[in-house]
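What follows draws every value from the coordinates through simple rules; no lab data is involved. Keep in mind that this is a model prediction, so the values were computed, not measured. Every residue, glycine among them, receives a Cβ derived from its backbone with ideal geometry; neighbour counts consider all protein chains shown.
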Amino acid sequence: MKILHEIAKATKVTQWIGPADVTVSALVSDSRKAVAGTLFIAVKGTKVDAHDFIPQVLAQGCTALVLEKLVEVPSNVTVLLVSDTSLALGELAHAFYDYPSQSLKLVGITGTNGKTTTTTLLHDLYTGLGYKVGLISTVVSLIGKEVIPSTHTTPDPIALNALLADMVVQGCSYCFMEVSSHSVVQNRIAGLVFKGGAFTNITHDHLDYHGTFKAYIAAKKAFFDGLSKESFALVNADDKNGMVMVQNTKAKISTFGLKTHSDFKVKVLENSFNGLLLTVNGIELWTRLIGDFNAYNIATVYGISQLLGSDSTEVLTVLSRLESVDGRFQFTKSESDITAIVDYAHTPDALENVLKTIENIRTRNEQVITVVGCGGDRDALKRPEMARIACELSDKVILTSDNPRTEDPAEILKQMEAGVGAHQTMKVLSILDRDQAIKTAVSLAQPKDIILIAGKGHEKYQEINGVKHPFDDFDVVKNYFTKLKK
């Protein structure tokens, strides 16, 4: 329970109508949950304006509203007018849950690729260092080892602050969270106090939402614009937009990289399916993680640990013991020595990085067979590009369905096929059924060959027409490997 005038101090109210000493039992932005005792914040969404549901909310007994525009209400109803209800929602949620981010060392990770791996490695690193740690990622949220299923990269402000408050109550010292571009634009992180933020990279993605690459960059940059002078901002010096991110930040700026001069410099000495041998600021480190992209993830994690003041030797010791993240270059071998790799690579850049990693490891005495699809209701411009990259860096390619969602999967495949060059058609198959596509890849593979199954990674489902059907790339390929023995 909170008194309205106390939590309202957290946001800018332009006009207050009605009593100020209202008791608030919960914050809601879903009109169906607005009942007596709740504070309803009417947020304008991309498809629905919650202001349209005020009559319904009042009929359900709600008597406290936060609005962007004044509407006629009974005299017993309190109305707070604000310029942006989505911003107010985040700020009020933070206040309602007693400003939980101020009691944690909260670090946000943003970028196109690497967010999930980096946050997960940070969680595992600080757990290994002896702390109780919170994690908010695409795959899962954790309070210590307690699993809280994730539905979005960044939860809505009410759920997010409730989760952070639980972390505080349960004794977490740190929380590492993915910060998506959507969450920045939609003010889902409004009001939060970050100890620091890190930028991994930025490539072609989410243009279906942001419209232009420039707008996508601006959304990522806005996260760093909001950091305080007491926080740190760590950026990838090898990414041409790295320093763009911190042009207007008040935070202390640091850099990491593999190619250019940086504060936290990593060099790859050896790269194999057994792991990576690196130097991290001149100190040798062996890690079980694989590929240059994971060298970047290690650089990010190490840089953050040093900016948080952790002991370098202890950090490197724990990093050497960490395992790869589910669905991120996760591999298995058949008894006939065929390697299958499952990776979440669902953008052109991510797919290219994974295939180039395989290129650097392979002996050239084997073929690389890539199974790849593109999700529906997402940026269609990347579909031919994904196919083009797969063809250029693979010996055989099977184009298939990913999560078609509400789109026709056959039409998605047709758009991907536009990226296949005339000289490459002989090595490309289009198989709509993803299970059959993986089965075909296994049947085509010979001993020593490498199969890459890209796009879905950790996901345990395939979404078709709004229904999530159980489907796990890793389990499917292992099942077909088992059948090879029979």
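Mind checking which of GLY111, HIS5, LEU393 is farthest towards the positive end of the chain's charge dipole, using Cβ charges of +1 (Lys, Arg) and -1 (Asp, Glu) about the Cα centre?
LEU393
Roughly how big is region 52-170's charge dipole about its Cα centre, with Cβ charges of +1 (Lys, Arg) and -1 (Asp, Glu), in debye to the nearest 20?
Roughly 420 debye for region 52-170.
Cross-link candidates for LYS396: which aspartates and glutamates have Cα within less than 20 Å, leaving aside residues fewer than 8 places away along the same chain?
Here the aspartates and glutamates satisfying the reach criterion relative to LYS396 are ASP337, ASP343, ASP349, GLU352, GLU359, GLU366, GLU385, GLU417, ASP433, ASP435, ASP449, ASP473.
Using only alpha-carbon positions, what ratio does the radius of gyration of region 378-486 give when scaled by 2.2 N^0.38 Å?
For region 378-486, the normalised Cα radius of gyration comes out at 1.08.
Rounded to whole Å and ordered largest first, report the semi-axes of the equivalent ellipsoid of region 274-318 derived from its Cα gyration tensor (root of 5λ).
For region 274-318, the semi-axes come out at 18, 11, 8 Å.
Convert 37 °C to kelvin, take the viscosity as 0.692 mPa s, use the Kirkwood radius over C-alpha pairs of region 309-358 as Rh, and evaluate the Stokes-Einstein diffusion coefficient in µm²/s, rounded to a whole number.
Stokes-Einstein gives a translational diffusion coefficient of 248 µm²/s.
Given points 7 Å out from each Cα along the Cα-Cβ axis, report the LYS145 to GLN436 separation in nanometres with one decimal.
4.4
If you line up the Cα atoms of the chain on their principal axes, what length do they span on each, largest first, in Å?
The principal-axis extents, from largest down, are 79, 52, 41 Å.
Report the antiparallel proportion of the DSSP beta bridges in region 1-134 as a percent, rounded to a multiple of 5.
The answer is about 40 percent antiparallel.
For region 1-160, restrict the atom set to alpha-carbon positions and state the Rg and Dmax in Å.
18.1, 57
Per-residue counts of other Cβ atoms within 10 Å, averaged by peptide: what ranking do you get for 114-123, 68-77, highest first?
Most protected by this proxy first, the peptides run 114-123, 68-77.
Assigning unit charges at the beta carbon (Lys, Arg +1; Asp, Glu -1) and nothing else, what dipole magnitude in debye, to the nearest 20, does region 262-327 show about its Cα centre?
80
State the percent of C-alpha pairs, over all pairs in region 446-486, separated by a distance greater than 15 angstrom.
Here the long-distance tail beyond 15 Å is 53 percent of all Cα pairs in region 446-486.
Of SER334, LEU285, VAL266, which is farthest on the positive side of the dipole of region 236-351, counting Cα position, with +1 on Lys and Arg Cβ, -1 on Asp and Glu Cβ, and the Cα centre as origin?
The Cα lying farthest towards the positive end belongs to VAL266.
Considering every Cα-Cα pair within region 201-338, what fraction, in whole percent, is farther apart than 23 Å?
For region 201-338, the share of Cα pairs beyond 23 Å comes to 44 percent.
Could you tell me the center-to-center distance, by alpha carbons, between region 214-274 and region 58-86 in angstrom?
42
Taking the Kirkwood radius as the inverse of the mean 1/r across Cα pairs, report the Rg/Rh of region 217-290.
Rg divided by Rh gives 1.09.
How large is log10 I(q)/I(0) at q = 0.15 Å⁻¹ when the Debye formula is applied to the Cα atoms of region 276-378, each weighted equally and without solvent?
So the normalised log intensities are -0.74.
Just in region 267-376: which GluC sites (Glu not before Pro) are loop by DSSP and have at most 10 other Cβ atoms within 10 Å?
GLU335
Less than 25 Å apart at the alpha-carbon level, and either on another chain or at least 8 residues along: which lysines does that give for LYS132?
Here the lysines satisfying the reach criterion relative to LYS132 are LYS105, LYS115, LYS145, LYS195.
How much length would be gained if the chain were fully extended between LYS259 and ILE361, taking 0.36 nm per residue of separation minus their Cα-Cα distance, in nm to one decimal?
Full extension from LYS259 to ILE361 adds 34.8 nm.
With n ≥ 4 as the cut-off for DSSP H runs, can you work out [θ] at 222 nm for the chain, using -39500 (n - 2.57) per run divided by the number of residues, rounded to the nearest 500?
Helix-only estimate at 222 nm: -9500 deg cm²/dmol.
For region 1-95, take N as its residue count and report Rg(C-alpha) divided by 2.2 N^0.38 Å.
0.94
Run through all the Cα pairs of region 400-451 and give the fraction in each 10 Å bin from 0, expressed as whole percent.
Spelled out bin by bin, region 400-451 gives 22, 45, 29, 3 percent.
SER173 to GLU6: extension gain in nm, 0.36 nm per residue of separation minus the Cα-Cα distance?
Stretched fully, the SER173-GLU6 segment lengthens by 57.5 nm.
Using packing as a proxy for protection, rank 382-395, 465-478 so that the peptide with the highest average count of other Cβ atoms within 10 Å comes first.
The peptides rank, most packed first, as 382-395, 465-478.
Under 15 Å from a label point 7 Å along Cα→Cβ of MET426: give me every residue in region 385-399 with its amide N that close.
Correct set: 395-397.
Contour minus end-to-end for ASP84 and TRP286, with contour as 0.36 nm per residue of separation and end-to-end as the Cα-Cα distance?
Once the chain is fully extended between ASP84 and TRP286, it gains 67.8 nm.
What residues have an amide H closer than 5 Å to that of LEU429, excluding those fewer than 5 places away on the same chain, when H is modeled at 1.01 Å from N in the peptide plane?
Amide H neighbours of LEU429: VAL397, ILE398, LEU399.
Over all pairs of distinct alpha carbons, what does the Kirkwood formula give as the hydrodynamic radius of region 316-455, in Å?
15.3
Over the chain, what is the relative contact order in whole percent, taking alpha-carbon pairs under 8 Å and six or more residues apart?
10
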